[in-house]
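Scroll down for the structure; my scribbles are underneath it.
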Amino acid sequence: SQSVISRLQQRYKETGRVTERHRSGRPLATSHTDDRFIVNSALRNRMMNATQLQARTQVSLQTIRNRLHQHGLRARRPARVPDHTTRHRCHRLAWAREHLRWTRDQWASVLFSDENRFMLSRNDGRQRCWRRQGERYASATVVTR
């Protein structure tokens, strides 16, 4: 925005830099290297909880969560999807390609029904995974039924 640009220009005139000045307050408990380690650990092991991630570092549980949140990672319940074989995926892709160019009139003749969920295995629902927005169905963030 215009105000951001004018602030950056003013800062450059005053200091010769556009980076922020040193601020008062408590210094961060982690360095950029530590932050990268925390985030990469969570991305490599999506189902690992914050306590397990903390065991690999010397910082508090809240710091772990804060760093992950700052990088867009949130602890969410993994999506539960059926275990599809390669054959299932091929059939689904073929069906999608067959219906890719359907018109509204063709879709109007299709009867859609509500989905029902059936519990095929016992799961207490407490498992969480670290994921960014838009990663709900990424293979690393789903649990097969």
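Across region 5-145, counting alpha-carbon atoms alone, Rg and Dmax equal 23.5, 68 Å.
Rounded to the nearest 500, the helix-only mean residue ellipticity at 222 nm of the chain stands at -12000 deg cm²/dmol, with each DSSP H run of n ≥ 4 adding -39,500 (n - 2.57).
Reported value for region 26-101: 150 Å³ per residue, from the convex hull of its C-alpha atoms.
Across the chain, the longest run free of exposed loop sites, meaning GluC sites (Glu not before Pro) lying outside DSSP classes H, G, I, E and B with no more than 16 other Cβ atoms within 10 Å, spans 21-114. Taking the chain as a Gaussian network of alpha-carbon nodes connected by springs under 10 Å, the highest mean-square fluctuation of the residues ARG131, ARG92, ARG17 belongs to ARG17.
Values quoted throughout were computed directly from the atomic coordinates according to the rules given, and no laboratory measurement underlies them. These numbers come from a predicted model, not from an experiment. Virtual Cβ from ideal backbone geometry, glycine too; neighbours counted across all protein chains shown.
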